[in-house]
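Encoded as structure tokens, the structure appears first; notes follow it.
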Amino acid sequence: MRSDIIKKGIERAPNRSLLKAVGVTESDLEKPFIAVVNSYTSIVPGHLHLRELAEKVKMGIAASGGVPFEFNTIAVCDGIAMGHIGMRFSLPSRDLIADSIEVMVQAHQFDGMVLIPNCDKITPGMLMAAARLDIPSIVVTGGPMLSGIFDGKKVGVDKIFEAVGKAAKGEMSLEDLKRLENVACPTCGSCNGMFTANTMACLTEVMGMSLPGCATALAVSSAKLRIAENTGKQIMKLVKRDIKPSDIITPESIDNAIIVDSALGGSTNTVLHLTAIAREAKIKVELERFDELSRRTPHICNMTPSGEYTMEDLNQAGGIPAVMKELSSLLSLDALTVTGKTI
């Protein structure tokens, strides 16, 4: 095991002593050490519930013969950072996240890792780290929030931005703006439409780095809790079989992600993130590839913010597996996933 370097041999007695200080037992020293990388923070709605998911992940790891060790990294909410100097710090946070994970994993020589992100720059930052470190890894994204209901219609954060303009022009009263503000984001989770957070969650699943159904399972659902525990169990299988991100993040899986992104009408920020992830995986992706693949991909999902449907609707329609089924003739179906099977 990779972690043997910190726990085997006479010369590692000091290391073992420190491990025992955090509760590691003699039998634990014979098991794989798994990093549980959590971007929980109490200011980002997409991340408010991630501690609960982490506990489920750790249960799955322990039940399958591993020893979980949780550590945290940072998370920026683009919505809160927007409109002031704070937005200058969002994209740089992605690279800080990747670097911080690299520091922790290399310093402690983990055998595998489960990554728990949700929002715009956090999911790509964690995928960059997975590709860079290339140890068995699996992602469980936190899931979208429920939609709000305003005057009988589904709403989300995008409707607030539109309402600000309407209120400024006198087309909406301040009282109605306040009513909308109070209901638009009713639960924890990533914003309810096909913004960057949910787009990257979907593409993580498409690339094979999360379990089927993970991207669209709602943050407040029991399905998300089950997926988290199963993710903890699955990382142990990946470690045993030594299935690494380099086996999963390939030119074919990147192409699959671009195709599904086009079909979903996902965030254009994915160009920034997919190219960065590909670079960490030592795969060259040119801008022209996005154009080439999008020109032969049908746009089949009319998603918020440009369309009428939300992540709840996509989930109820079968989620990413259903989208990929519709696009199967365009995809590389022999691409490997964290299930240990091909698409």
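The values are calculated or read from the model by the stated rules, or taken from the named source; none is laboratory data. Keep in mind that this is a model prediction, so the values were computed, not measured. Here Cβ is always computed from backbone atoms with ideal geometry, including for glycine, and neighbour counts include all displayed protein chains. Please note that ligands, DNA and RNA were not included when accessible areas were found on the heavy atoms of the full protein model with its side chains. Shrake-Rupley method; radii C 1.70, N 1.55, O 1.52, S 1.80 Å.
Does T270 satisfy the condition of being without any contact (Cβ under 8 Å) to a residue 12 or more places away in the chain and among the β-branched types (V, I, T)?
no
If you check every pair at least six apart or on different chains, which have Cβ atoms under 7 Å apart with a residue in region 161-176 that is touching a residue at least 12 places away in the same chain (Cβ under 8 Å) first and a residue that is of a type outside the set (S, T, Y) and surrounded by 10 or more Cβ atoms within 10 Å (Cβ to Cβ) second?
A163/M172; A163/L177; A163/L180
Exactly one of (1) free of Cβ contacts under 8 Å to residues at least 40 places away in the same chain; (2) part of a loop (DSSP other than H, G, I, E, B) is unmet by G65. Its number?
Of the numbered conditions (1) free of Cβ contacts under 8 Å to residues at least 40 places away in the same chain; (2) part of a loop (DSSP other than H, G, I, E, B), the odd one out for G65 is (1).
For S262, are the conditions met, namely being open to solvent by 70 Å² or more (accessible area, probe 1.4 Å), assigned to a helix (DSSP H, G or I) and either over 27 Å from D111 (Cβ atoms) or in contact with a helix residue (DSSP H, G or I) (Cβ under 7 Å, 6 or more places away or on another chain) (or both)?
So S262 does not fit the description; no.
Tally the residues that are open to solvent by 20 Å² or more (accessible area, probe 1.4 Å), charged (D, E, K, R) and closer than 24 Å to K8 by Cα, restricting the search to region 86-126. Explain how you work it out, then say what you get.
Here is the first cut: in region 86-126, the ones open to solvent by 20 Å² or more (accessible area, probe 1.4 Å) are 87-89, 91-92, 94-96, 99-100, 102-104, 106-109, 120.
Add one more test, that the residue is charged (D, E, K, R), and what stays is 88, 94-95, 99, 102, 120.
Subsequent filtering for residues that are closer than 24 Å to K8 by Cα retains 102.
Total meeting the criteria: 1.
What is the number of the single condition among (1) open to solvent by 40 Å² or more (accessible area, probe 1.4 Å); (2) hydrophobic (A, V, I, L, M, F, W, C); (3) modelled with pLDDT of 95 or more that F161 does not meet?
Single failed check for F161: (3).
Listed here are the residues, each with its yes/no results for (1) open to solvent by less than 30 Å² (accessible area, probe 1.4 Å); (2) in a loop (DSSP other than H, G, I, E, B).
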residue: I235; (1), (2): yes, no
residue: K240; (1), (2): no, no
residue: D247; (1), (2): no, no
residue: L272; (1), (2): no, no
residue: G307; (1), (2): yes, yes
residue: M324; (1), (2): yes, no
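Of the numbered conditions (1) within 19 Å of M128 (Cα to Cα); (2) assigned to a loop (DSSP other than H, G, I, E, B); (3) of a type in the set (S, T, N, Q); (4) open to solvent by less than 60 Å² (accessible area, probe 1.4 Å), T268 satisfies every one except a single condition; which is it?
All conditions are met except number (4).
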